[in-house]
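The values are calculated or read from the model by the stated rules, or taken from the named source; none is laboratory data. The structure presented is a predicted model; accordingly, all values stated were derived computationally and were not measured. Cβ sites come from the backbone with ideal geometry, for glycine too, and all protein chains shown count toward neighbours. Keep in mind that these areas ignore ligands, DNA and RNA; they rest on the heavy atoms of the full protein, side chains included. Shrake-Rupley method; radii C 1.70, N 1.55, O 1.52, S 1.80 Å.
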Amino acid sequence: MKKMFKQVISILIITILFCPDLSLQVLAEQQQSTETLEEASIEAMEDTEESADIVEDENILQSMEQVPDISEETSVEDQIIVVYEDTRNSSVEKLELEMSDVVEGESLCETVDLFVPDESVDTDELVEELENKPGVAAVSRNEMVELYELPNDPYIIDGQAWQFQMLGAEDTWNQVRSSHTVKVAVIDSGLNINHPDLAGRWEIGYDYVDNTSRSMKDLVGHGTEVSGLIAAIANNNIGISGIAGEAPVKVVAYRVGGNYAGDKLLNGAYIIAAMEEIARREDIQVVNMSFGSEVLNSVKAEAVRKLKASGKLLVASSGNDGNATYNYPASCEGVISVGAINADGQVSDFSNRNSQVDLCAPGEEVCTTDARGNYAYVSGTSYAAPLVAGAAAVLKCVNGQMTADQVETVLKSTSKDLGTVGRDDAYGYGMIQLQTAVEEVGPTPQISYQTHIQKIGWQDFKSDGDISGTSGKSLRLEGIKIGINNSKNLGVSYRTHVQGYGWQPYVSDGAMSGTSKEAKRLEAIQMKLTGRDADKYDIYYRVHTQSYGWLGWAKNDMAAGTEGLAKRLEAIQIVLVKKGESAPGDTNEPFVSLYTTGKVRYRTHVQKIGWQEYVGDGTMSGTSGKSYRLEGINVRLSPEISGGI
């Protein structure tokens, strides 16, 4: 090698002395060759380092596909659930698990992995270590979770289901219409998708037991029973109707347990995977969870947090321990915990009672669909929860803009208080009342009215206090039509006092009162609400009368206008007000009658009572024998009397 090197040097020296141009070319080529060798050497070193890394990474678990699936014989308690923060961080590789430390594993969804560590691994230490890994939201041991169902013998029934009438659902079955479907996720034992009373009312979420989204089954029946209480078809001449009635509500079935008939346990890891998946679905608004356990681990808390953060309304059964035990997810913050009551409105013996119970609903011997395609009576807080979940879905149908928190607030505020006054641990805020809740969130009934004016004819409809008629034109009202919009349970009856005819008979809901083509003026009007909801509103109205101008507001069948004074009505305003709310304005003197007040009218302000009604022609105003002092007086003359006081 040294001899060769000396020969090369000699050649270079000779070349430089006798062939300087050539020598420069040779030097350049020599330099290029050297640089090429250096680059090749660096690349070789990098390849060697990468090869070493690959050898090292072969010992790290890259995917759950590298290990066998979890076998049925493996104890659930030996399994570890890992929940990732989001899909961007959902990589088992980041856990840096040694291949030798994992014997079985599965990826349940994009953000949940489940694996079984080798028996040589300290599971508790591993859980603590994994919780601190970047991108990991929660880690816990797996568990089996109990369905909150009591033993019952199912049998065919005749379709009479007391629980719905008790909740006021019979009043909403055919009332709620919506252009958008509200979906309720049911995390349970699955669903009998062939039940005739659930046809068209379901979607397949995922079957985690059989690992498929193409089919769904229910070997236990619990999921089918829960789903029927929510969405069984109304008015199809078979079986029952779910609480949703004809509202466009569907259940989305997630099967997370119930491996065989009689299996009342759900897999905790499957539940978490379903919750994670549902949280990412924007089309699901409500989640029903008729299960629970006393364990609140980090993965359960994280799954509930994600569901709540996604805007879902969460409903769960309080539990069947019959004591003050706190079960989860029902007792988690942000979850509506539901207890059970019987047909007498008494809390069921088995229903849990604690500070987290929010509402109650029928859950003892209630009728619903079963897994055989028939019907059954069932008991448990499992069946109270879906009635609340279904009611929430109906409210979302009525008003799709409501948030989950707003729906929860309405369900509580409209519930029927049971037990001790106010919220208590047995009944929560009370038993849900669907009809009342629907009225609360639905469109407010609207009063509309149309007047026929002298020389002009029928005007466009006005509503909610708008003026119908004219002002300053000396034109009489000759006819009127009044109706109620946005309510099937509210109507209006009214009558008018017509020139030359006096008071006319009452007409209702859009019929004309007054005259047509007779040139007769309206002089006064009375109106009152009708229908089941009449006691929930007051109807106020006032009129603009010739010579008097605007009179005070009358309400609920009081007369407004004049009588015996030959004064025309020129305009009118009408307003609907909820019971207990204030009048839209001054209610003094809505009606002036020659026959009741005379030419001189007066009223007094009495201690503890206030202003009295106007009287006239010597009638006493004030009190007698009550020791109340007179504090003020108003006196006025009829318009036909010239002069003043």
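Odds and ends about this structure:
- Extreme residue, farthest from I447 (Cα to Cα), among residues of segment 486-511 that are open to solvent by less than 20 Å² (accessible area, probe 1.4 Å) and among the β-branched types (V, I, T): V498
- In segment 276-297, the residues that are open to solvent by less than 10 Å² (accessible area, probe 1.4 Å) and out of contact with any Lys or Arg (no Cβ under 9 Å at 6 or more places or on another chain): N288, M289, S290, F291, G292
- Here G430 passes the criteria (1) at pLDDT 95 or above; (2) more than 30 Å from N354 (Cβ to Cβ); (3) small (G, A, S) except the one numbered (2).
- When the criteria are applied in full, V600 meets the requirement of being open to solvent by 20 Å² or more (accessible area, probe 1.4 Å) and hydrophobic (A, V, I, L, M, F, W, C).
- Considered as a group, the residues in segment 319-350 that are within 11 Å of A385 (Cβ to Cβ) and of a type in the set (G, A, S) include one that is farthest from the chain's Cα centre (by Cα), and that residue is G319.
- For segment 82-136, the tally of residues that are part of a strand (DSSP E or B) and in contact (Cβ under 8 Å) with a residue 40 or more places away in the chain stands at 15.
- Residue count for segment 74-124, restricted to those that are open to solvent by 80 Å² or more (accessible area, probe 1.4 Å) and within 41 Å of the chain's Cα centre (by Cα): 7.
- Residue selected from segment 397-412 under the condition modelled with pLDDT of 95 or more and touching a helix residue (DSSP H, G or I) at 6+ places or on another chain (Cβ under 9 Å), by the criterion surrounded by the most Cβ atoms within 10 Å (Cβ to Cβ): L411
- Count - residues of segment 298-336 that are open to solvent by 20 Å² or more (accessible area, probe 1.4 Å), part of a strand (DSSP E or B) and over 27 Å from V82 (Cβ atoms): 0
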